[in-house]
1. Among Ser305, Ser296, which comes first, then next, by fewest other beta-carbon atoms within 10 Å?
2. To make sure I understand, if each residue's beta carbon is the centre and we count other beta carbons within 10 Å, what order do Trp172, Trp182 fall in, fewest to most?
3. Figure the gain on full extension for Lys211 and Leu48 (residue separation times 0.36 nm, minus the Cα-Cα span) and round it to one decimal in nm.
4. Viscosity 0.890 mPa s, temperature 25 °C: Stokes-Einstein D of segment 87-328 from its Kirkwood Cα radius, in µm² per second?
5. When you count, for each residue, the other Cβ atoms within 10 Å and take the mean per peptide, how do 36-43, 230-237, 198-205 rank with the highest first?
6. Rounded to the nearest angstrom and ordered from largest down, what semi-axes does the equivalent ellipsoid of segment 109-202 get from its C-alpha gyration tensor (root of 5λ)?
7. What is the extension gain from His36 to Ala293, computed as 0.36 nm multiplied by their sequence separation minus the C-alpha to C-alpha distance, in nm to one decimal?
8. Could you tell me the calculated FRET efficiency between Ile122 and Ile230, based on Cβ-Cβ distance and R0 = 41 angstrom, to the nearest 0.05?
Amino acid sequence: MQKGDGIIAYDGVGNLTTEKLLALTAMTKPEGSIIHVVLVRNGNEYSLTVPPGPLGISAMDTMAQGSSGLRTGEQHVSDQKPDPIPVLQIIREAIVIPWHKRATMFRALLPISVVLITVSMIASLMREELGPMSVLIWTVIFVPVSAILAITCHRFILLGDESVPKYGLASWSSRETRFVGWTLGAALCAGLIGFIVSIPASILMMALLVKSQTPPEPWIISAGIMLVMIPSSYTFARLSVLLPATAVDERPSLTWARRLTKGNGWRLFLVVGVLPQALWLGPRLLLGHSVIADLSIYAAGCVLSVIQIAALSLSYQHLTGRNSYHADN
């Protein structure tokens, strides 16, 4: 590479910005991998290969032959804002794409969905008999099974039908292990942020209680809970891009996730934090509590989970600029 080169594609990803390029180079690849880079030099387009990892260059955002690219050799990085996630469009497509491919996705997701519904129903029916043990049993089974469902959905959206067996994923590999690890890691980071925020919130609540000598109003309690949940959910949303990346066999890192989602944290919060709650609220309010209602809710939950996962896949696709399933169909 030379000073003045404009990078227009990295590992098949175009529409680059400085932050996106840094995020892509921070992503771990298997040993021996080769990365293809397309650049513009003096009006001519060239292709070359580089090893994974940082390129060892300084960069700034510029324009190259009508495409958003990067000009190397400069001594600073521009403050150009990242391309914002189109939240409403993402949500719409997260509904439309699974619907258009409902037959294929239904066949692939049906076995794992039946397992999830069965486990949830058993845990619900035996909650009083087993007590806290039912929650533990449910978690131990639910987490890996739901990981398989999520990976299947991510691969459907980002890689297409051919990436998933006809009747869904039926084996466990290091990919699934990494996926569960990142899920738990993101949840742990979010919980840590929530705990930190809860300390001043608890102190404030106690001060109000001592001053008034009466139990706090319900709205005050709700406000305190929201004060803790919002930053916690925001943190999880920023890290959630680790999941679709892992599902398509990438090796992401926390640094990569932070760089990739810079400037889009609150939009991801809407997709990952607000959307799932909104989707679940309707069935729960409409159906209430009973065996039939719980069965219906868990079945609806599988469908709604597909929409939620599709929305995250499409957000990841938008941020990385990678070609996706819906773009080809």
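None of the figures in this text is laboratory data; all of them are computed from the coordinates on show. Because the structure is a prediction, the values reported are computed rather than measured. Every residue, glycine among them, receives a Cβ derived from its backbone with ideal geometry; neighbour counts consider all protein chains shown.
1. Values: Ser305 20, Ser296 14.
Exposure proxy ranking, most exposed first: Ser296, Ser305.
2. On the way: Trp172 12, Trp182 23.
Ranking Trp172, Trp182 by Cβ neighbours within 10 Å, fewest first, gives Trp172, Trp182.
3. Values: separation 163, 0.36 × 163 = 58.68 nm, distance 6.90 nm.
Contour length minus Cα-Cα distance gives 51.8 nm.
4. On the way: Rh = 19.4 Å.
It comes out at roughly 126 µm²/s.
5. Values: 36-43: 14.9, 230-237: 20.2, 198-205: 13.4.
So the peptides 36-43, 230-237, 198-205, ranked by packing, come out 230-237, 36-43, 198-205.
6. On the way: eigenvalues 160, 94, 21 Å².
Ellipsoid semi-axes (Å, largest first): 28, 22, 10.
7. Details: separation 257, 0.36 × 257 = 92.52 nm, distance 5.26 nm.
Full extension of this stretch gives 87.3 nm more.
8. Details: r = 34 Å, r/R0 = 0.82.
Efficiency, from the Cβ-Cβ distance: 0.75.
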